[in-house]
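The values are calculated or read from the model by the stated rules, or taken from the named source; none is laboratory data. Keep in mind the model is a prediction, meaning the values are calculated, not measured. Here the Cβ is made from the backbone with ideal geometry for all residues, glycine too, and neighbour counts use every protein chain on show.
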Amino acid sequence: MFDLFNYQQNQLIEHYQQARAKADFAIQKLNQQCCRIFYPGTFRQYSGQLLEAANQMDEIRRRYDSLERDIADIQSVAHDRAEALREAKEKIAEARAKADKSKGRKAKTTRQPG
């Protein structure tokens, strides 16, 4: 169960990182267009394109910020779930130890990762 959750979390993070890379690339391309537009003597000719590029950059930045918030949310949920899973494993181990002790058996030791 935990492995499936880690896989899903990693897939989501990878998806958002790819989207962020695409947004960064789009912003870079729009910045290049803006630099060409501001070349001396061409501003009036390209002012409509400049406005459109600025609007596109704003939209990309809004999406980028949204992706950043989504990634932070995913990482927060993943951390909370991992902590809850660790606590559940500890409680299960304690319950098993108590059950073994009450039956008079030697308690099994649990392996700690790492």
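A single member of LEU30, LEU4, LEU12, LEU50 is of a type in the set (A, V, I, L, M, F, W, C), exposed (fewer than 10 other Cβ atoms within 10 Å of the Cβ) and at pLDDT below 85, and it is LEU4. Residue pairs whose Cβ atoms lie under 6 Å apart, sitting 6 or more positions apart in sequence or on different chains, and linking a residue in segment 67-86 that is surrounded by 14 or more Cβ atoms within 10 Å (Cβ to Cβ) to a partner that is of a type outside the set (Ser, Thr, Tyr), are LEU67/ALA19; LEU67/ARG20; ILE74/LEU12; ALA78/GLN9.
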